[in-house]
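Report on one structure; see the data block that follows.
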Amino acid sequence: MIRFLCAAAAVFSFALPARAEFRYGDEQLQGYVESNLLSVFYHELGHALVDIMELPIFGQEEDAADVLSVFLIDAFWEEESAVQIAYDSAFGFQAEADAYDPVFWGVHGPDQQRYYNLVCIFYGANPDERDDVAEELGLPEERADYCDFEYEQAAGSWGTVLDRITTESGGNSMRMDRVERDTDGARLTADLIIEEVAALNREFRLPARLTISIEACDEANAWYDPELREIVMCTEFADDIAANAPW
Ligand SMILES: [Zn+2]
């Protein structure tokens, strides 16, 4: 995957760290897991920013966090990688929708809805070049017609928030804390998130310290803890994403 740092004066790209240790069997599956971990991490970052920057939320916070996730996928990655991450993340929601009954009383929207929200905003960010993405991922025209507007709303909300914390000199407000590397999934998560945190620190300086931990939690999950101002990425998540991959 190739990163595109939109806010930096100098645009550059680099490859992700070597993936030799991780053995899910094939590169496609590994990329799928990485994409989904990344979009989950961006989602949790959304919760962190809502808390740390005391952002007003009009509607469900979970939806707002999903919007930040797709906004960052579009903003931070070069086209080919962004498209791949968007496909993988959409398939991740689809896999959840296939595996579980929808929960209408939960704080998250139903997975199928999250799938279409992601596809819509990603398509809306660049409709001229992503027609085929919208078509291939089954976005109905009735929704597609409004997606450029939905993206503009995302840019007006999250884009404005990110502008406030963008710094040319970089920062160190996001710090890794506990990092476990005792399984293949843990190592993959650690390599990916450490790299991502470094990239985010080059772009952003938060008004308060945010810590990130990667550890076993006996469940496939990730969350932001406002009391500790910490994002926890469970090492079990990678294995769960791989196990539910749609192929
Ligand atoms: Zn959430």
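Readers should treat all values here as calculations from the given coordinates under stated rules, not as data from a laboratory. In this text the structure is predicted, and so the values were computed from the model without any measurement.
Could you give log10 I(q)/I(0) at q = 0.12, 0.15, 0.16 Å⁻¹ for the chain, computed by the Debye formula over C-alpha point scatterers of equal weight, without solvent?
-0.66, -1.09, -1.27
Pull out the extension gain between residue 104 and residue 221, defined as 0.36 nm times the separation in residues minus the alpha carbon to alpha carbon distance; nm, one decimal.
Separation in residues times 0.36 nm, less the Cα-Cα distance, equals 40.2 nm.
Evaluate Rg over Rh across the range 34-96, taking Cα atoms for both radii and Kirkwood's formula for Rh.
Rg divided by Rh gives 1.00.
Which of the helices in the chain, when you take each full DSSP H run, stretch at least 18 Å along the axis at their Cα atoms and have an average Kyte-Doolittle score of 1.0 or higher?
none
Under the rule of -39500 (n - 2.57) per DSSP H run of 4 or more residues, summed and divided by the residues of the chain, what mean residue ellipticity at 222 nm is obtained, to the nearest 500 deg cm²/dmol?
So the calculated ellipticity at 222 nm is -16500 deg cm²/dmol.
Just want to confirm a number: the relative contact order over the chain, from Cα pairs under 8 angstrom separated by 6+ residues, in percent.
23 percent
Looking at the chain, what % of its DSSP beta bridges pair antiparallel, to the nearest 5?
40 percent
Under the rule a/c < 1.5 gives rounded, and otherwise a/b versus b/c splits prolate from oblate, where does the range 154-223 land using the Cα gyration tensor?
prolate
Computed over the Cα atoms, what is the radius of gyration of the range 120-247 divided by 2.2 N^0.38 Å, N being its residue count?
1.29
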